[in-house]
Amino acid sequence: MDMEAEEAPEAEIDMTPMIDVTFLLIVFFMVVSDMSALDVAELTLPYADQARVTKIEDPDENPMLIVNVVKDGTVQIAGQNFTTKTESTGGLQSLKEYLKIEAEAAEREPPPADNPALRASKLRILIRADRDTMFKNVQSVFDACQNNGIYKTALGATQEQVEGK
């Protein structure tokens, strides 16, 4: 009697779920990297030999908003354009109105002893202005910040000097 030994079926691994997860991760990182690029516009920053990189210890505790002032005076935050006028015009939201919403959402500093009515926002603003924009455009951003109780502002600059400027 001749008995043939049955061969055990070879185990196979289904790769479909792993490929699906890989593609989802690729899409996730593409979206996240694209969103972070919206914060920083292509600007030629002014030169400052004392410019330094500031590091935020706890971004959740001290949030920072990046405001870009383009050469023509347009104000951009996360790729969205704003007007520096006090009211929304021409389909653009007012910077002052936007900062009011952001300042109210952020926590408040404890009031100083000499001015208990002052409730400054913990929101930090980094103003990145093109070196060729007029200062009145930058001043309007400072005014909008001050009107909304945002006093922690910084100006963006570079230590790299551009030839001919």
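With 22 Å as the limit, write out which pairs from K55/K152; K100/K122; K96/K122; K55/K136 have Cα-Cα distances beyond it, or answer none.
Working: K55/K152 14 Å; K100/K122 13 Å; K96/K122 17 Å; K55/K136 28 Å.
Beyond 22 Å: K55/K136.
Please rank T54, T153, fewest neighbouring Cβ atoms within 10 Å first, as an exposure proxy. Intermediate results must be reported in sequence, preceding the final value.
Details: T54 9, T153 16.
In order of increasing Cβ crowding within 10 Å: T54, T153.
Could you rank the peptides 13-26, 109-122, 65-78 by their average count of other C-beta atoms within 10 Å per residue, with the highest value first? Numbers along the way, then the final one.
Details: 13-26: 9.4, 109-122: 11.4, 65-78: 18.8.
The peptides rank, most packed first, as 65-78, 109-122, 13-26.
Bear in mind that the values in this text are calculations on the coordinates, not laboratory data. Values in this document were obtained by computation on a predicted structure and should not be read as measured data. Please note: Cβ atoms are built from the backbone with ideal geometry, for glycine as well, and neighbour counts cover all protein chains shown.
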